[in-house]
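Accompanying notes for the structure given below.
The values are calculated or read from the model by the stated rules, or taken from the named source; none is laboratory data. Quick caveat: nothing in here was measured; it's all calculated off a predicted structure. Virtual Cβ from ideal backbone geometry, glycine too; neighbours counted across all protein chains shown.
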Amino acid sequence: MDHLDVAYILGFDIITMTTKLSGVSMVSRSWRIISNIHKHERGMTGLETAIILIAFVTVAAVFGYAILSAGLFSAERGKETVYAGLNEAKSNVEISGSVTAICDNNTTYVKKVFFNLKNAIAGNPIDMTPCNGTSSAQNKCVISLATKNDYFSNVKWTGTWMGDNNGNNLLETGEQIEISIGMDDLGTGNTLSSQLAINDTFSIQVKPAIGSTVTIQRTLPAALYPAIDLH
C-alpha cells in the first residue's frame with residue numbers, strides 16, 4: 001500500500017467521523033429546539049389555566065353574593081309579613097255577649113239592634129268614633145247592613161261605653177263599647193225598603209280601620225217580642 005492509498009483511507013475516515021459528529025450535533029440541536037417549543041407551550045397552558053380558574057372563582061363569588069342577597073331580602077320580607085300579621089291580629093275586635101233586637105210597641109218589626117265589642121287580644125287601640133249618618137261623618141270603623149232586599153255600606157251607629165274607660169273614642173284593652181243601630185234611622189239616603197219582621201235574616205259587618213272584619217248574621221224568630229236575645 002503506497003502513501004496515496006493511506007492518505008485516501010485516512011481522509012475517508014475523517015470525513016465519515018465528521019459527518020457522524022455533525023449528525024449528532026444536528027440531532028441534539030433539534031431536540032433542544034423541540035424541548036424549548038414544548039416548554040413555552042407548558043407555560044402558556046399554565047397561564048390559560050390560571051385565567052380560567054380566576055374566572056371561575058370570580059363567577060362563583062358573584063353568584064354566591066347574589067344568592068346571599070336574595071336570601072337576606074326574602075328573610076326581611078318574611079319578617080315584615082310576620083310583623084304585619086301580628087299588628088293585624090292585635091287590632092281585631094270581637095263580640096262580647098249576645099246580639100239583642102228591640103221591637104216596636106206592637107212587636108211587628110225590629111226597631112234597633114245592639115251588641116257589645118271588645119279587643120280580641122291585648123293589642124292596639126281601635127278608633128270607635130261613631131258615624132252620624134251624614135257625608136261629613138268622621139268614623140274610622142265602618143258598619144254595613146244587609147237584608148234580603150237592601151244593602152247599606154256605611155250606616156249610622158252610636159256607641160255607649162260600658163264599664164271602665166278613659167273617656168276617649170279608642171277601644172283599648174279591658175274596655176267594651178255597646179254598638180246601637182236604629183233601623184228607622186240608618187243615615188242619609190239609607191232607608192229599608194221593608195222592615196225586619198218575623199223569619200227575616202240580616203247581616204251586620206263591623207269593619208275597623210285596622211284588623212279583620214266581624215260579621216254578625218242572625219235570623220229573627222217566628223214570633224217577635226219587645227226584646228229578643230239573638231245569641
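Things worth noting here:
- Screening T188, T107 for residues that are on the phi > 0 side of the Ramachandran plot and touching a residue at least 24 places away in the same chain (Cβ under 8 Å) leaves exactly one candidate, T107.
Residue by residue, here is whether (1) touching a strand residue (DSSP E or B) at 6+ places or on another chain (Cβ under 7 Å); (2) assigned to a loop (DSSP other than H, G, I, E, B); (3) in contact (Cβ under 8 Å) with a residue 60 or more places away in the chain holds:
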| residue | (1), (2), (3) |
| --- | --- |
| D164 | no, yes, no |
| I179 | yes, no, yes |
| I204 | yes, no, yes |
| S212 | no, yes, yes |
| R218 | yes, no, yes |
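- Test result for T160, polar (S, T, N, Q), assigned by TED's automatic domain parsing to the domain that holds A122 and assigned to a loop (DSSP other than H, G, I, E, B): no
Let's see how each residue does on (1) at pLDDT below 95; (2) of a type in the set (V, I, T):
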{"site": "F114", "(1), (2)": "no, no"}
{"site": "A120", "(1), (2)": "yes, no"}
{"site": "M128", "(1), (2)": "no, no"}
{"site": "T134", "(1), (2)": "no, yes"}
{"site": "N139", "(1), (2)": "no, no"}
{"site": "A146", "(1), (2)": "no, no"}
{"site": "W157", "(1), (2)": "no, no"}
{"site": "D164", "(1), (2)": "yes, no"}
{"site": "I177", "(1), (2)": "no, yes"}
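- Residues of the range 173-220 classified as more than 19 Å from Y151 (Cβ to Cβ), surrounded by 13 or more Cβ atoms within 10 Å (Cβ to Cβ) and not aliphatic (A, V, I, L, M), total: 7
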